[in-house]
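Data first, discussion second: the structure below is written as structure tokens.
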Amino acid sequence: MSNLALRFLTALVAIPLLIASISWHQPYGVWLWVLFAQVAGLREWMNMTMPTAPRLQRGFGVVVGVALGTLVCWVPDTRMLLAGVWGSTIAIFLFFLFFYPPIETVASRISSTVGGVFYAGLLISPLMMFKLRPSGDGAAWIYICLSSAWLSDTGAYFAGRFLGPFIPAKLWPAISPKKTMIGGVGGMAGSLLALSVAKLWYLPMLSWLDVVAIAAPANLLGQLGDLCESLIKRSVGVKDSGVLLPGHGGMLDRIDALLLVVPYVYLYAQLRF
């Protein structure tokens, strides 16, 4: 079966379940998706960055990341966020104080664990926090995050495929040799389309200025998020972060853009509406 067919079948199964979870008035469905992404993403991160570390150490990173992400999901309070960040960081250092062997690599393992907890455990949490907005418009904002990131990918793919041969300038060849500048332009068009649909359909309170103010930064952050994950994979010598999603690679391969998009859109929604 071709990679494109696998991607289609995966989406055919996952998208209806995702839509049902987002549409449910209770937050538990979205939280389970976020929890799934955190567990899978953290596991992939620990396996990529600490492949030779004992399973206990990699598992500890997953547990701390899930605990921090869950705390932030359900208690969206600045004081609890600070307590979670402090507590998780201290816990990681104390854990490696007692389970440090081999001592020659303990600094890199601590760094990898802290980085993974914040990257794969924390950054996706606002996707669930949208469902706790008193205004009740959380589902619409979740759709904005997803459609902005994924239509950007689609726009970049088609622009790169059909226009790339005529405009072959590379976006960042040292990190992602296949990405082109024209693909980046296509990605921006996809994000603007996603926000335009949101304004005209399910979130009419957006102004056209909001459309641009959300779409443009979110698109740039999404493309940078993709490049950041490519940088990590290239540095550790892997093609995909995992094999969890047929045709898509690992969880981090699917949500790398969202990890940077979601916090920005959440902050924008909180400050503006």
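Just so you know, all these numbers are worked out from the coordinates, no wet-lab data involved. These numbers were taken from a predicted model, which means no experiment stands behind them. Every residue, glycine among them, receives a Cβ derived from its backbone with ideal geometry; neighbour counts consider all protein chains shown.
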> Can you list residues whose amide H is under 5 Å from Lys170's amide H, if they're 5+ apart or on another chain and H is modeled 1.01 Å from N?
Replying inline: Met181
>> With a 10 Å cut-off between alpha carbons and a GNM built on the chain, which of Ile214, Ile19, Ile124 moves the most?
In response: Ile19
> Tell me, what is the percent relative contact order of the chain, built from C-alpha pairs under 8 Å that lie six or more residues apart?
Replying inline: 21 percent
>> Give me the mean projected area, in nm² to one decimal, of the convex hull enclosing the Cα positions of the range 134-273.
In response: 9.2 nm²
>> Just to be sure I understand the rule: take each whole DSSP H helix in the chain, project its Cα atoms onto its long axis, keep it if the span is 18 Å or more and its mean Kyte-Doolittle hydropathy is at least 1.0. Which ones pass?
In response: 3-23, 55-74, 78-98, 181-200, 258-272
> If you build a Gaussian network model of the chain, linking Cα atoms that sit under 10 Å apart, which residue out of Val62, Val30, Val243 swings the most?
Replying inline: Val243
> Which residue, Thr49, Thr180, Thr105, has the most motion in a Gaussian network model of the chain that connects Cα atoms within less than 10 Å?
Replying inline: Thr105
>> Quick check: residue separation of Leu271 and Val13 times 0.36 nm, minus the Cα distance between them. What number comes out in nm?
In response: 89.4 nm
> Can you work out D for the chain in µm² s⁻¹ from Stokes-Einstein, where Rh is the Kirkwood radius over C-alpha pairs, the temperature is 10 °C and the viscosity is 1.306 mPa s?
Replying inline: 81 µm²/s
> Quick one: Kirkwood hydrodynamic radius for the range 74-220, alpha-carbon pairs, angstrom, one decimal?
Replying inline: 18.4 Å
>> Is the C-alpha gyration tensor of the range 1-132 telling us rounded, prolate or oblate? Criteria: a/c under 1.5 is rounded; beyond that, a/b larger than b/c is prolate, otherwise oblate.
In response: oblate
> Counting Lys and Arg as +1 and Asp and Glu as -1, each charge on the Cβ, what is the dipole of the range 1-132 about the Cα centre in debye, to the nearest 20?
Replying inline: 120 debye
> Hey, which of these cross-link pairs are over 23 Å Cα-Cα: Lys170/Lys199; Lys178/Lys199; Lys178/Lys239?
Replying inline: Lys170/Lys199; Lys178/Lys199
> Under the definition of Cα pairs under 8 Å and six or more residues apart, what whole-number percent is the relative contact order of the range 1-132?
Replying inline: 35 percent
> Contour minus end-to-end for Trp24 and Asp77, with contour as 0.36 nm per residue of separation and end-to-end as the Cα-Cα distance?
Replying inline: 16.7 nm
>> Tell me the relative contact order for the range 134-273 as a rounded percent, counting alpha carbon contacts under 8 Å between residues six or more apart.
In response: 24 percent
